[in-house]
Amino acid sequence: MSQPQPPPNFKPALIIVDVQEDFCPPNGTLAVPNGRDIIPPINTLLTLPFPLKIATQDWHPADHISFASNHANKKPLEDTIEVVNPLDTSERYDTRLWPVHCVQGSPGAEFAEGLDVERVGRVVKKGQKSEVEMYSAFYDPLRTRVCDSGLAGVLKKEGVSHVYVTGLAGDYCVKATAVDAAKEGFVTFVVEEGVRCVDQKGWEGVKEELGGKGVKVVGIEGDEVGWVRGLSV
C-alpha cells in the first residue's frame, strides 16, 4: 500500500511536550492519569524521519509562582493565583495552582523512563522564570513577554512547514503549544495517541477548542503521519 503524498515543500517537526517523571504515574507529583501510556506511540513517532525532533521540559525554580506551597492557604489543583506581568503591571491573568513539580535538576524533572531521548535532536526548557506561568513551548501568554524560548525562530530558520505535537498534558501544555504553533503560521497537528490530559473527561472539549484555533487532532495511522513516513531519511 502506497504512502499518502505530502503537500509541496513539506518539512515537519515533532514536538514532544513535557514527558517527564513528575507528570507520569505512579510516582509523579503531578501525575497525569495514564500518562506513561503515551511513551510507546511517541517512541514510534521518534523512529519516523522528522527533520526536527524536539522535546520540552518543564524546568521550574523552587519558588515558582504556580506552586501552591509558595502561597499561604492555597491548595493545589483547587485554587488559582493572579499573575502580574513584572514588565507591565497592568497586564494580569489567573492561573491554576499545582503541586511542586519539575523543579530544576530534580529527578521528577527528568524525561520519563523509557522515552527514546537519544532520538531527540533538541531540548527546550520552559517555565524557568519564577514570576510567570508558561504552558506553551514557545512563550508565556502575556502581550509583553517575560519568557520566550526562541522555538518559533528555530522552526522558521529550519524552514519547517508542519508541526506535530504530542505529550503532557493535552489540556494544558500540549494545547498551549499547538495553539501557539498555529498562531506562528505552521500547519499544526496533535497526534491523539501521544496525549493524555489532567482532566481526561474534558479532552473532547479541548479538541473542539483546538479545531477552532486551526489545530487538527489526528491519529498515528492517519494520512498526516503517513506523510512523514513517506519522507526519505
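Observations on the structure shown:
- Only one entry of Pro8, Pro25, Pro76, Pro33 meets the criterion of being within 18 Å of Leu231 (Cβ to Cβ), in a loop (DSSP other than H, G, I, E, B) and not hydroxyl-bearing (Ser, Thr, Tyr), and that entry is Pro8.
- Taking each residue of the stretch 102-125 that is on the phi > 0 side of the Ramachandran plot and acidic (Asp, Glu) and looking for partners that are in a helix (DSSP H, G or I) and surrounded by fewer than 16 Cβ atoms within 10 Å (Cβ to Cβ) with beta-carbon atoms closer than 6 Å, six or more apart or interchain, yields nothing.
- Inspection of the stretch 182-189 finds no residue satisfying the criterion of being of a type in the set (Ser, Thr, Tyr) and closer than 19 Å to Val19 by Cα.
- Restricted to strands (runs of 3 or more DSSP E) entirely inside the stretch 125-233, those with at least 2 residues that are crowded, with 24+ Cβ neighbours inside 10 Å are 162-168, 187-196.
- Scanning the stretch 149-169 for residues that are at positive phi and modelled with pLDDT of 95 or more gives Gly159, Gly167.
- Among residues of the stretch 6-40, those that are closer than 11 Å to Gly167 by Cβ and of a type outside the set (A, V, I, L, M, F, W, C), counted: 3
- Tabulated pairs, the stretch 137-152, first among the polar types (S, T, N, Q), second part of a loop (DSSP other than H, G, I, E, B), C-beta under 8 angstrom, 6+ apart or interchain: Thr144/Asn85; Thr144/Leu87; Thr144/Asp88; Thr144/Glu91; Ser149/Ala137; Ser149/Phe138
- The set of residues in the stretch 60-77 that are without any contact (Cβ under 8 Å) to a residue 60 or more places away in the chain, surrounded by fewer than 17 Cβ atoms within 10 Å (Cβ to Cβ) and under 22 Å from the mean Cα position of the chain (by Cα) comprises Ala62, Leu77.
- Selection status of Val146, under 21 Å from Lys183 (Cα atoms), hydrophobic (A, V, I, L, M, F, W, C) and at pLDDT 95 or above: no
- Residue check for Asp88: in contact with a Ser or Thr (Cβ under 6 Å, 6 or more places away or on another chain), not hydrophobic (A, V, I, L, M, F, W, C) and not in a loop (DSSP other than H, G, I, E, B): no
The values are calculated or read from the model by the stated rules, or taken from the named source; none is laboratory data. Model, not experiment: these values are computed from the prediction. Don't worry about glycine lacking a Cβ; one is built from the backbone with ideal geometry, like all the others, and counts go over all protein chains shown.
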